[in-house]
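One structure below.
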Amino acid sequence: MPEQRDPSPYDALLLLSFGGPEGPDDVVPFLENVTRGRGIPRERLKEVGRHYFLFGGVSPINAQNRELLDALRKDFAENGLDLPVYWGNRNWAPYLTDTLRTMVNDGHRRIAVLATSAYASYSGCRQYRENLADALAALQAEGLPVPQVDKLRHYFNHPGFLRPMIDGVLASLAELPAEARDGAHLAFTTHSIPTAAADTSGTPADHTEGGTGGAYVAQHLDVARVIADAVREETGVDHPWQLVYQSRSGAPHIPWLEPDICDHLEERHAAGVPAVVMAPIGFVSDHMEVKYDLDTEATAKAAELGLPVVRSATVGADPGSPRPSASSCWSARQPSGAAPRALCAGCPRREPRPVPGRLLPGACPAPGRRRSRLARPGRRRPRLSPARRPLPPDPRSIVPDPLQTDAAQTDALYDELLDVALEAAHRAGVLLRDGRPADLGVAATKSSPIDVVTEMDLASEKLITGFIGERRPDDGFLGEEGASSAGTSGIRWVIDPIDGTVNYLYGLPSWAVSIAAEQDGEVVVGVVAAPMRGETYRAVLGRGAFSNDEPIRHRPAPPELSQALLGTGFGYLAERRAAQAEVVRTLLPQVRDIRRGGSAAIDLCDVACGRLDAYYERGLNPWDLAAGALIAREAGALTGGRPGRSASHELTLAASPALFEQLQPLLDELGAWHD
Ligand code: IPD
């Protein structure tokens, strides 16, 4: 569908950043903000905060943002651009919502957003967009006008971003002892992220040659190659280089991008290189990761090895960048009607939740496409070569043009379905969480007088089907509260507007919105939003499962059935319950314990993320299980029914493979599949 872009002028720029503590007392509250919803214990946060305490509890990022703000304001003034610049953060004051509120109260209605993150990925792009969406929703709830907000594109390959980094590497080489300089190795570093997150940061069309990695890796490789080539051109020396990673966190069993910089230094030292330049291309300024992980930890490692290292400067408020990116919104002011190329595409198509109606979709310049020549006004760093030429276009730009293969089309379809499902589930979740009437009562009953429907089930289903219907008018529906249509596209949405209705009715937190998309009868996308947990689980067929931005895996099977924690549920008919109680009576003495959470969708996600060893239930409907079962499978669990059969109304079982093999025949024998 052709993009409709609003050519009317922007009236303000928002510098959107991560935020950081400004003193020791801020450190733990700041980290609580960063990790909200993930349930990380305070003790662990204190441990992580150790890095900040070494620097007096002050993150360098705030000072750098103030410097950048000044640079932007000066730049705009010098260029006669009357565009006020504001600053808001995701995780610390000044908070994004407060800044947006001020901007709206100051009369701004069309706002360009420059994020201090240059690359694709969930944390580097979409999370910013989601936070913008949440902030806009908060303004709306306060009855304020909601401005149009456009996030500028990833600027990793913007000449104004590349040029200072090239200069930084040249300056670092100049600092090395002359005898080590020519043989120096360039280690381009960026933040490690889980490999699953890297793989979903872009479509295959954005992948590197050879098809490895997602857009996150591809964009960094692109930048590294441009810098290495420019350095070669300007020094006449072909320095070997590699993209490496730093600042890994998360559970050790989850694979993250490697090699780590410290391992890399060891390996380079063993290979006999005389010196290394560490170039933190993944960081727009001297974040704590640069100050601690590189300047402290990696530098100490190099000292231990006796390997000379120099860390090259980050871009910061260099007069060349990211100012050009910001001033792109100037060109977007021209009322030509042409799509302003500086606007953010969102991260490549796998970025699932677009901001409702306010952040423009559409094309970033394709990552790695031919770059414009790097003419840059004014440089401040030392040069090695007096005759520096602008960088020529890179003929080996590593990210190919999109291939219109079937696989790419399927991928793009799944991306879209995931986008739609996440947004619909998010909207319904907010409605249910914030709009639950205190006097909520039963609106209707279904299979029995205790199988209830509330007015909120109906409102949620209406919202979801309305939203999806607008985005994908040709799709079919199967909803718990009656939505039913075949559609013509081959896609059918299977919706449980509240799974765990009885919990919801009683004000218990374990309820969810469950949305699955089937393609020709096979579930290809599943989203389960559990707002009271602050968690949204999602999976796309073949791409793994996630809780918020973290990849999830089932728990390894316990050595004995007696150590397994099972979840189950009961139907609403007395006769069925009597049969189910019989099964529990036999099973309970054989296992660690049995939980009855009250939401099948959440139970399945609990298997997916290792909070339950297994879950079984008879009598589920398609909407109860479609999304959760895909999420469980994509997290490595097995799902099924009676031996040889799929999960269904008759019986649904989900468990890690070894436990599944034990439980399936046992449940069959116990008659868990009949009343
Ligand atoms: C119910 C829940 C419950 C399960 C029931 C389902 P609903 O869904 O998933 O945990 O035991 O079988 O019907 O009615 O709340 O959407």
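The values are calculated or read from the model by the stated rules, or taken from the named source; none is laboratory data. A quick note: this is a predicted structure, and the numbers were derived from the prediction, not measured. We place every Cβ from the backbone using ideal geometry, glycine too, and count neighbours over all the protein chains shown. Keep in mind that these areas ignore ligands, DNA and RNA; they rest on the heavy atoms of the full protein, side chains included. Shrake-Rupley method; radii C 1.70, N 1.55, O 1.52, S 1.80 Å.
When the residues of the stretch 61-74 are narrowed to those that are of a type outside the set (S, T, N, Q) and buried (at least 19 other Cβ atoms within 10 Å of the Cβ), which ends up farthest from residue 16 (Cα to Cα)? Only one residue fits best here, namely 71.
With the condition kept exactly as written, say whether any residue in the stretch 528-535 is within 13 Å of the ligand (Cβ to nearest atom), under 18 Å from the mean Cα position of the chain (by Cα) and either buried (at least 17 other Cβ atoms within 10 Å of the Cβ) or not small (Gly, Ala, Ser) (or both). Yes, because at least one residue in the stretch 528-535 is within 13 Å of the ligand (Cβ to nearest atom), under 18 Å from the mean Cα position of the chain (by Cα) and either buried (at least 17 other Cβ atoms within 10 Å of the Cβ) or not small (Gly, Ala, Ser) (or both).
So, in the stretch 488-505, of the ones that are farther than 13 Å from residue 417 by Cβ and in a loop (DSSP other than H, G, I, E, B), which residue ends up nearest to the ligand (Cβ to nearest atom)? Per the stated criteria, the residue is 500. Those strands (runs of 3 or more DSSP E) of the stretch 596-675 in which 2 or more residues are under 22 Å from residue 520 (Cβ atoms), of a type in the set (A, V, I, L, M, F, W, C) and modelled with pLDDT under 95 are absent.
From the set of residues in the stretch 466-487 that are open to solvent by less than 30 Å² (accessible area, probe 1.4 Å) and either within 16 Å of the ligand (Cβ to nearest atom) or touching a helix residue (DSSP H, G or I) at 6+ places or on another chain (Cβ under 8 Å) (or both), which is modelled with the lowest pLDDT? Looking at the filtered set, the residue picked out is 483. Scanning the stretch 588-608 for residues that are surrounded by fewer than 18 Cβ atoms within 10 Å (Cβ to Cβ), over 19 Å from residue 668 (Cα atoms) and more than 12 Å from the ligand (Cβ to nearest atom) yields a count of 2. Determine, yes or no, whether residue 585 is within 16 Å of the ligand (Cβ to nearest atom), of a type in the set (D, E, K, R) and over 28 Å from residue 34 (Cβ atoms). So residue 585 does not fit the description; no.
Contact map, the stretch 216-235: residues that are closer than 15 Å to residue 277 by Cα paired with residues that are among the aromatic types (Phe, Trp, Tyr) and at pLDDT 95 or above, Cβ distance under 9 Å, separation 6+ or inter-chain. Pairs shown: 224/188; 224/241; 225/241; 227/188; 227/241; 228/188; 228/241; 231/241. Report yes if residue 548 is surrounded by fewer than 20 Cβ atoms within 10 Å (Cβ to Cβ), within 16 Å of the ligand (Cβ to nearest atom) and not acidic (Asp, Glu), otherwise no. Considered against the rule, which asks whether it is surrounded by fewer than 20 Cβ atoms within 10 Å (Cβ to Cβ), within 16 Å of the ligand (Cβ to nearest atom) and not acidic (Asp, Glu), residue 548 comes out as no. Determine the pairs where a residue that is among the polar types (S, T, N, Q), located within the stretch 157-169, has a partner that is open to solvent by 10 Å² or more (accessible area, probe 1.4 Å) with Cβ atoms under 6 Å apart, the partner being 6 or more residues away or on another chain. Correct list of pairs: 157/371.
Please go through the stretch 413-458 and give me each residue that is touching a residue at least 40 places away in the same chain (Cβ under 8 Å), surrounded by fewer than 21 Cβ atoms within 10 Å (Cβ to Cβ), among the acidic types (Asp, Glu) and within 16 Å of the ligand (Cβ to nearest atom), ordered by number. Within the stretch 413-458, just 451 meets the criteria.
Restricting the search to the stretch 424-480, which residues are within 22 Å of residue 493 (Cβ to Cβ) and touching an Asp or Glu at 6+ places or on another chain (Cβ under 6 Å)? If the condition is that a residue be within 22 Å of residue 493 (Cβ to Cβ) and touching an Asp or Glu at 6+ places or on another chain (Cβ under 6 Å), then 457, 458, 461, 479, 480 are the ones that fit. Among the conditions (1) open to solvent by 50 Å² or more (accessible area, probe 1.4 Å); (2) closer than 19 Å to residue 539 by Cα; (3) hydrophobic (A, V, I, L, M, F, W, C), the only one that residue 623 does not satisfy is (1). Only one residue in 483, 529, 539 is free of Cβ contacts under 8 Å to residues at least 40 places away in the same chain and either touching a strand residue (DSSP E or B) at 6+ places or on another chain (Cβ under 7 Å) or more than 18 Å from residue 647 (Cα to Cα) (or both). Which one? The conditions single out 483. Please go through the stretch 506-527 and give me each residue that is open to solvent by 40 Å² or more (accessible area, probe 1.4 Å) and either within 15 Å of the ligand (Cβ to nearest atom) or not in a strand (DSSP E or B) (or both), ordered by number. Within the stretch 506-527, 506, 507, 508, 509, 520, 521 qualify.
If you check residue 540 against the conditions, is it of a type outside the set (Gly, Ala, Ser), open to solvent by less than 10 Å² (accessible area, probe 1.4 Å) and within 20 Å of the chain's Cα centre (by Cα)? Against the criterion (of a type outside the set (Gly, Ala, Ser), open to solvent by less than 10 Å² (accessible area, probe 1.4 Å) and within 20 Å of the chain's Cα centre (by Cα)), residue 540 qualifies. Only one of the numbered conditions (1) surrounded by 14 or more Cβ atoms within 10 Å (Cβ to Cβ); (2) assigned to a loop (DSSP other than H, G, I, E, B) is violated by residue 461, and that is (2).
The criterion of at least 1 residues that are at pLDDT 90 or above is met, among helices (runs of 4 or more DSSP H) falling completely within the stretch 1-107, by 27-34, 61-78, 96-105.
For the stretch 222-267, the set of residues classified as farther than 25 Å from residue 49 by Cα and assigned to a loop (DSSP other than H, G, I, E, B) consists of 236, 237, 238, 239, 240, listed by residue number. Among the residues examined, residue 566 does not qualify as touching a residue at least 12 places away in the same chain (Cβ under 8 Å), more than 14 Å from the ligand (Cβ to nearest atom), of a type in the set (A, V, I, L, M) and surrounded by 15 or more Cβ atoms within 10 Å (Cβ to Cβ).
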